[in-house]
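Here's the structure, in structure tokens; my notes come after.
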Amino acid sequence: MKKLYIHPLPVRIWHWTNASGFVVLILTGLQIRYLGLIEVIPFKLAVNLHNWIGFVLIGNFFLWLLFYVLSDKIKVYHPELSPTKHFRDSFRQLKYYGYGIFKGDPNPHHVSAYHKFNAMQSMSYQIIMMLVVPIQFYTGLLLWDVKRFAGAVAFFGGVRVVDTVHVLIFIFFVGFIFVHVYLATLGHTRTAHFKAMFTGYEEVEDEAVGQS
Ligand code: HEM
């Protein structure tokens with residue numbers, strides 16, 4: 001086994017702040033949505049927590065973005081420009097998760113500092129971080145003060161439309177967290193990827209280093 005430095009410190013700080021913030025946003029969001037049905041903490045506190053954590057995560061998102069844009073690590077987010085290669089690699093990865101893993105096949109993707117995501121992660125993280133997360137933060141900001149942002153709210157079709165988008169993305173993230181955490185348990189041990197996201201170092205088989 002070799003240790004490779006995969007997750008730089010700013011990414012780890014961003015990730016765990018973001019993950020814990022998302023969990024609290026989901027729980028307080030549920031209580032705000034199901035007013036009268038769920039009341040774990042006072043409603044006003046749920047709203048204030050939801051708003052404050054929302055702002056912290058917006059700031060945190062810009063730290064993540066700045067780190068990647070200003071360092072050469074942005075390469076890990078570069079899309080695969082050959083559709084044939086992208087779909088072939090995604091299919092290979094899907095086949096591994098859906099079938100090969102149960103027969104003990106090796107993971108077809110081999111991690112390196114500039115190639116840490118497999119084809120499926122690469123596409124989904126790009127869409128989530130560049131599109132879904134920003135839309136969720138923006139709709140949250142509009143809903144935080146609908147009077148102040150009345151122009152933008154009206155432009156997007158009114159509070160109902162903005163709120164529906166916010167809730168649909170909320171549902172997406174609830175599902176995403178389950179799938180994401182399940183996939184994160186599929187390292188060479190159940191906890192290997194979690195440890196790597198804390199220490200920065202991923203353990204990889206010697207013969208797997210540098211392949212793709
Ligand atoms: C709540 C529990 C969460 C846990 C336990 C968790 C766990 C992990 C682990 C172990 C990794 C490293 C392995 C991998 O790349 O898959 C990772 C990476 C990542 N996670 Fe999470 N995660 C959580 C929530 C989230 C949320 C809510 C988001 C996005 C909104 C997210 C977005 C990401 C991204 C984009 C990466 C790759 C980061 C990078 O290297 O740039 N995670 N997560």
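Across the range 26-35, what is the number of residues that are free of Cβ contacts under 8 Å to residues at least 40 places away in the same chain and either part of a helix (DSSP H, G or I) or within 12 Å of the chain's Cα centre (by Cα) (or both)?
5
Mind checking whether some residue in the range 72-88 is β-branched (V, I, T), in a helix (DSSP H, G or I) and exposed (fewer than 13 other Cβ atoms within 10 Å of the Cβ)?
Yes, the range 72-88 contains at least one residue that is β-branched (V, I, T), in a helix (DSSP H, G or I) and exposed (fewer than 13 other Cβ atoms within 10 Å of the Cβ).
Of the numbered conditions (1) in contact (Cβ under 8 Å) with a residue 40 or more places away in the chain; (2) crowded, with 16+ Cβ neighbours inside 10 Å; (3) farther than 19 Å from I128 by Cβ; (4) of a type outside the set (S, T, N, Q), V162 satisfies every one except a single condition; which is it?
(1)
Among (1) in contact (Cβ under 8 Å) with a residue 12 or more places away in the chain; (2) in contact with a Lys or Arg (Cβ under 9 Å, 6 or more places away or on another chain); (3) exposed (fewer than 15 other Cβ atoms within 10 Å of the Cβ), where does F170 come up short?
(3)
What pairs can you find where one residue is in the range 181-200 and in contact (Cβ under 8 Å) with a residue 12 or more places away in the chain, the other is surrounded by fewer than 14 Cβ atoms within 10 Å (Cβ to Cβ) and not acidic (D, E), and their Cβ atoms are less than 6 Å apart, with a gap of 6+ or different chains?
Once the first residue is in contact (Cβ under 8 Å) with a residue 12 or more places away in the chain and sits in the range 181-200, its partners that are surrounded by fewer than 14 Cβ atoms within 10 Å (Cβ to Cβ) and not acidic (D, E) give G200/Y5.
Considering only the range 32-43, I want to know if a residue exists there that is surrounded by 12 or more Cβ atoms within 10 Å (Cβ to Cβ), farther than 21 Å from A192 by Cβ and among the basic types (K, R).
yes
May I ask you to list the residues in the range 173-197 that are surrounded by 14 or more Cβ atoms within 10 Å (Cβ to Cβ) and of a type in the set (K, R)?
K195 - this is the single residue of the range 173-197 that is surrounded by 14 or more Cβ atoms within 10 Å (Cβ to Cβ) and of a type in the set (K, R).
So the check is Cβ under 7 Å with 6+ separation or different chains; which pairs have a first residue in the range 104-128 that's on the phi < 0 side of the Ramachandran plot and a second one that's among the acidic types (D, E) and part of a helix (DSSP H, G or I)?
Hits for this filter: A119/D89.
When you scan the range 47-61, do you find a residue that is in contact with a helix residue (DSSP H, G or I) (Cβ under 6 Å, 6 or more places away or on another chain), farther than 20 Å from D163 by Cβ and within 13 Å of the ligand (Cβ to nearest atom), even just one?
Yes, the range 47-61 has at least one match.
Quick note: the coordinates plus some simple rules give every number you see, no bench work behind them. Everything numeric in this text was worked out from a predicted model, so none of it was measured. Don't worry about glycine lacking a Cβ; one is built from the backbone with ideal geometry, like all the others, and counts go over all protein chains shown.
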